[in-house]
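Before any comments, here is the structure.
The values are calculated or read from the model by the stated rules, or taken from the named source; none is laboratory data. Bear in mind the structure is a predicted one, so any value in this text is a computation, not a measurement. Positions of Cβ are backbone-derived with ideal geometry, glycine not excepted, and every protein chain shown enters the neighbour counts.
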Amino acid sequence: MPGGVTVRVPAKVNVQLAVGGARADGFHDLANVFLAVGLYDEVTVTPADALRVTCEGPDADQVPLDRTNLAARAVEKLAARYGRRADVHIHIAKDIPVAGGMAGGSADGAGALVACDALWGTGASRDELLEICAELGSDVPFSLVGGAALGTGRGEKLRVLEVGGTFHWVFAVADGGLSTPAVYGEFDRLHAGVAVPEPVASGALLEALASGDALALAGAVSNDLQGAALSLRPSLESTLTAGVEGGALAAIVSGSGPTTAFLVSDGESAGKVVEALLASGVCRAARVAVGPVPGAVVL
Ligand code: C5P
């Protein structure tokens, strides 16, 4: 775009989401194994008279265009740090499901930050950008970094993971989103009075990622928020079942949901799972993607 900068940012799936008990600040300690997958939002920033946000895409009407949008907040934070006005037009071409548990909002935050950094030539270091990301939200640093990573703390402290191959996925997009705080709240309700163990990354899962072995990964994926997401949205159970019956190696709720993720052996198998999901009418749309893919990239 003339005079502007466009950044492409991927969605994520959590191949493991181990959740600890609620902390004093309301957040939960996590062992969160992120994998970036090839569904993308594109965020374009251009100089303007004032900060404004627009959005295009199938779910654009569900995206807030005010200062609650993480993209707007990212730009304001960067501008404040470098003593300049946040006068840009942010345009989001949205392809990541909205409120779907795939870090779509986080992707837009990381994208807008990287785009404005390039537009303004701030010279901010990667660590500085990651610090702003962590202030914006627990998943935002990973959207910047991409690939695969283990997130600890509330998910913002990242250790990059080596991945020995490409994994094939199908994502079933549900009708309507789920609120992340509501899902964590339901997790707390379901675990009231129970001692929740410290979250720990699974050795078997990290090995499966490192070796690129899809069958081993299928045996190791887990999501501690799945029970809470299913409790709030019981219909997701039939979506998970339909994908398994269609030949998926593993079926899991993505993050806080309601998107469900199906690990498959290859592209052909992905096509069969898509057919099975669509034929059983258990989702609004089915998308195919591979991971890992890189994080935020200036186009
Ligand atoms: O960090 P972020 O703003 O994306 O988190 C959204 C909400 O999800 C938090 O307000 C909190 O309710 C919940 N959350 C949590 N523990 C985490 C991450 C998020 O309880 N580690």
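Descriptive notes on the structure:
- Segment 276-295, residues that are surrounded by 15 or more Cβ atoms within 10 Å (Cβ to Cβ), more than 18 Å from L39 (Cβ to Cβ) and small (G, A, S): A276, S280
- Index of the failed condition, V98 passing every other in (1) modelled with pLDDT of 95 or more; (2) crowded, with 18+ Cβ neighbours inside 10 Å; (3) outside any strand (DSSP E or B): (1)
- Going through (1) surrounded by fewer than 15 Cβ atoms within 10 Å (Cβ to Cβ); (2) touching a Cys at 6+ places or on another chain (Cβ under 9 Å) one by one, A195 falls short only on (2).
- Selected residue (only one of A195, A182, A210 is away from the ligand (no atom under 16 Å from the Cβ), outside any loop (DSSP other than H, G, I, E, B), touching a residue at least 40 places away in the same chain (Cβ under 8 Å) and outside the structural domain of I96 (by TED's automatic domain parsing)): A210
- Residue in segment 156-177 that is in a helix (DSSP H, G or I), among the small types (G, A, S) and either under 30 Å from R8 (Cα atoms) or within 16 Å of the ligand (Cβ to nearest atom) (or both) present: no
Conditions tested, residue by residue: (1) closer than 27 Å to V145 by Cβ; (2) surrounded by 16 or more Cβ atoms within 10 Å (Cβ to Cβ).
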residue: S202; (1), (2): yes, yes
residue: A208; (1), (2): yes, yes
residue: A218; (1), (2): yes, yes
residue: E245; (1), (2): no, no
residue: I252; (1), (2): yes, yes
residue: P258; (1), (2): yes, yes
residue: G267; (1), (2): yes, no
residue: V274; (1), (2): no, yes
residue: L299; (1), (2): yes, no
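- Pick from segment 220-243, criterion polar (S, T, N, Q) and surrounded by fewer than 21 Cβ atoms within 10 Å (Cβ to Cβ), ranking: nearest to the chain's Cα centre (by Cα): S222
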